[in-house]
Amino acid sequence: MIETTDRDPNLLLSNERAWLKILARYRQPHLKRSIVELAATAIPFALFWVGAWASVHYGFWPGLILVVPAAAFLLRLFMIQHDCGHGSFFARRRADDWTGRVIGVLTLTPYDYWRRAHAEHHASAGNLDERGVGDITTLTVSEYSALSWFGRLNYRLYRHPAIMFGIGPAWLFLFKQRLPFGMMRSGSLPWISTMATNLAIAILSAILMWVIGILPFLLVHLPIALLAGAAGIWLFYVQHQFEETHWSKEPEWQFPYAALHGASHYDLPLALRWITGNIGIHHVHHLSSRVPYYRLPEVLRDHPELAGIGRVTLMESLRCVKLVLWDEQSRRLISFRDAAKLRHA
């Protein structure tokens, strides 16, 4: 058993590197399991989608509640797309890439563009010198204090739950991901990815609108996409925005330590764990992103000492919303109220 409870990175860095070797044993996906996982996600999504449409078509409006499970399975499809981006779902690059691209049409996420941005997020998570790509903007207390009144207002609005989890998903999935923001001068691939995905979305949407009508399509798919997007952003938020997360500057920042301690173990109930593709075991995922999501529970089963690192329960996660600033003195995330107390102390 490897001791992982001490928070001193100088003492524990060798332990995190040891975990890299241990986790390498779980990186091999099982082809049949991957196919079953894909089918067990795509088929229910299609059935719930059709059920929601049938409710609209026949005027049975209570049936629109089916958009909720449809959104849940769309979220799970995104988790498969996520694993494809890491090359861990089939461990065959062509199969992973084309599966990810097809799913990206449903999730409104250009796969190759997103994959590159997400790789940068993994390479720099928790690094105060490398913020801004594929993550949620997080300021330090001193950075926030140095802002103008207008700058503070902007940051407060950005961090408000109504913006983050309400308007944010619509902006990200409906508009922002239609262009390769942040990579417009990074070669042709981000442009090809976004434009090809946009074209495929337009064609699929046009076909469905022609078959079932514009209004029924919007009544069904728009809430599904927005609910799935809001849930996805919430998961991503809790996975990195918890009180005892890790942020540091170079040269103190080291990938193994930041990966294991800068991401949470979002310990969800079993059903939610399944529908979210075990993404809550995020600290293990960040340390070894090539482990397929369906093998992450194996890691915790075989190495239970990892379960307590960065553990956040469902109820505890609700309190993470107020954690918005990194205090470099106490080395934890704090609220605006706590930051104000520090300024007046």
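Table: residues versus (1) in contact with a His (Cβ under 6 Å, 6 or more places away or on another chain); (2) modelled with pLDDT under 95; (3) closer than 30 Å to Ala42 by Cα; (4) of a type in the set (D, E, K, R).
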| residue | (1), (2), (3), (4) |
| --- | --- |
| Ala95 | no, no, yes, no |
| His122 | no, yes, yes, no |
| Ala125 | no, yes, no, no |
| Leu128 | no, yes, no, no |
| Ile136 | no, yes, yes, no |
| Leu147 | no, no, no, no |
| Phe150 | no, no, no, no |
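Filter segment 290-345 down to residues that are more than 21 Å from Glu16 (Cβ to Cβ), part of a helix (DSSP H, G or I) and of a type in the set (D, E, K, R) and give me whichever is modelled with the lowest pLDDT.
Arg343
Among the residues of segment 236-277, which ones are buried (at least 23 other Cβ atoms within 10 Å of the Cβ) and under 25 Å from Ile43 (Cβ atoms)?
Gly277
Of the residues Pro190, Pro180, which is part of a loop (DSSP other than H, G, I, E, B) and not polar (S, T, N, Q)?
Unique residue meeting the criteria: Pro180.
Identify all residues within segment 176-211 that are in contact (Cβ under 8 Å) with a residue 60 or more places away in the chain and not aliphatic (A, V, I, L, M); write none if there are none.
Those that are in contact (Cβ under 8 Å) with a residue 60 or more places away in the chain and not aliphatic (A, V, I, L, M): Gln177, Pro180, Gly182, Ser186, Pro190, Ser193, Thr194, Thr197, Asn198.
Filter segment 248-261 for residues that are assigned to a loop (DSSP other than H, G, I, E, B), farther than 14 Å from Trp19 by Cβ and in contact with a helix residue (DSSP H, G or I) (Cβ under 8 Å, 6 or more places away or on another chain) and give the result.
Selection gives Glu252 alone.
Do we find that Lys32 is exposed (fewer than 12 other Cβ atoms within 10 Å of the Cβ) and modelled with pLDDT of 95 or more in this structure?
yes
The values are calculated or read from the model by the stated rules, or taken from the named source; none is laboratory data. Just so it is clear, the structure is predicted and the values come from calculations on it, not from any experiment. Methodologically, a virtual Cβ is constructed for each residue, glycine included, from the backbone with ideal geometry; neighbour enumeration extends over all protein chains shown.
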